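K.L.:
Let me begin by handing over the structure; questions about it come next.
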Amino acid sequence: MANKYNTTVDEIKSLNNLTSNILSINQKLLIPSTKANTYTVKKGDNLYSIARNYNTTVDEIKRKNNLTSNILSIGQVLKI
């Protein structure tokens, strides 16, 4: 769950005053607000590999960055 929301288990535990990693069914949790993640494109990168590394989708990255194609430039900064 922490990976899905780009946070850590410790941050979730702290925000919810939890002392254990064990959760109950239907337990409600507060999730820390995420800071805008960015990624600078490097040689050999493509949208698929970046999406996989950040547990998101190509379509989501394209939407956040107003991209109409899958072409990236080295040094391009993407919102993740």
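K.L.:
For the list (1) farther than 17 Å from N3 by Cα; (2) modelled with pLDDT of 95 or more, I need the number of the one condition that K64 fails.
P.N.:
With (1) farther than 17 Å from N3 by Cα; (2) modelled with pLDDT of 95 or more applied to K64, the lone miss is (2).
K.L.:
Here's something else I'd like to know. Just to be sure I understand the filter: pairs with C-beta atoms under 6 Å, separated by 6 or more residues or on different chains, first member in segment 1-23 and more than 18 Å from N55 (Cα to Cα), second member exposed (fewer than 14 other Cβ atoms within 10 Å of the Cβ). Which pairs pass?
P.N.:
L15/L30; N16/L29; N16/L30
The values are calculated or read from the model by the stated rules, or taken from the named source; none is laboratory data. Fair warning: this is a prediction, and the values are worked out from it, not measured in the lab. Note: ideal-geometry Cβ built from the backbone for every residue, glycine included; neighbour counts use all protein chains shown.
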